[in-house]
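Visitor: This is the structure I want to talk about, given as structure tokens.
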Amino acid sequence: MSIDPHRIFVCTSCRYSGSDCRPGFELISKLQDALKLAVPVVGDEFEISGIACMAGCSRPCTVAFRASDKATYLFGDIDPDEDIDDLVAFARQYRDLEDGWCSSGQRPGKLKRSALARIPAAMIVTEANKAAVS
């Protein structure tokens, strides 16, 4: 398992269609509160940050889960009032997955159908690693 903290990024630029409402700030606050309640299971193992844009503008609000040596997920259409429990459940699941990889059917609730991207963990091969393998 990664020694770096797991990270959750929430877009703070996304706006609901036809509205000036930016749900990202509300989502960050609600998610921080929910993860604190999930302590000791999850809370201290995640850092939550707002980010200016994750190019999910047509599917606000977007949320990404990232950790070293794990797949990264980007979810869209996240509602701060309805999807907090699914995000907390996925945080627990993601924390426990060695490589972060799971299928859509394994994700909780709305996250089964709201993934915008799953990005494999970066594989960095150095000359030292090549020599050790050969």
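The values are calculated or read from the model by the stated rules, or taken from the named source; none is laboratory data. All figures in this text were calculated on a predicted structure; none of them were measured in a lab. We work out accessible area using only protein heavy atoms, side chains counted, and drop any ligands, DNA or RNA first. Shrake-Rupley method; radii C 1.70, N 1.55, O 1.52, S 1.80 Å.
Visitor: Scan the stretch 47-64 residue by residue and report those that are of a type in the set (A, V, I, L, M) and either assigned to a strand (DSSP E or B) or closer than 21 Å to residue 6 by Cα (or both).
Guide: Our first condition is that a residue be of a type in the set (A, V, I, L, M); within the stretch 47-64, this holds for 48, 51-52, 54-55, 63-64.
The answer is 48, 51, 52, 54, 63, 64.
Visitor: When the residues of the stretch 65-116 are narrowed to those that are among the aromatic types (Phe, Trp, Tyr) and either assigned to a helix (DSSP H, G or I) or open to solvent by 60 Å² or more (accessible area, probe 1.4 Å) (or both), which ends up farthest from residue 47 (Cα to Cα)?
Guide: Filtering first and then ranking leaves 101.
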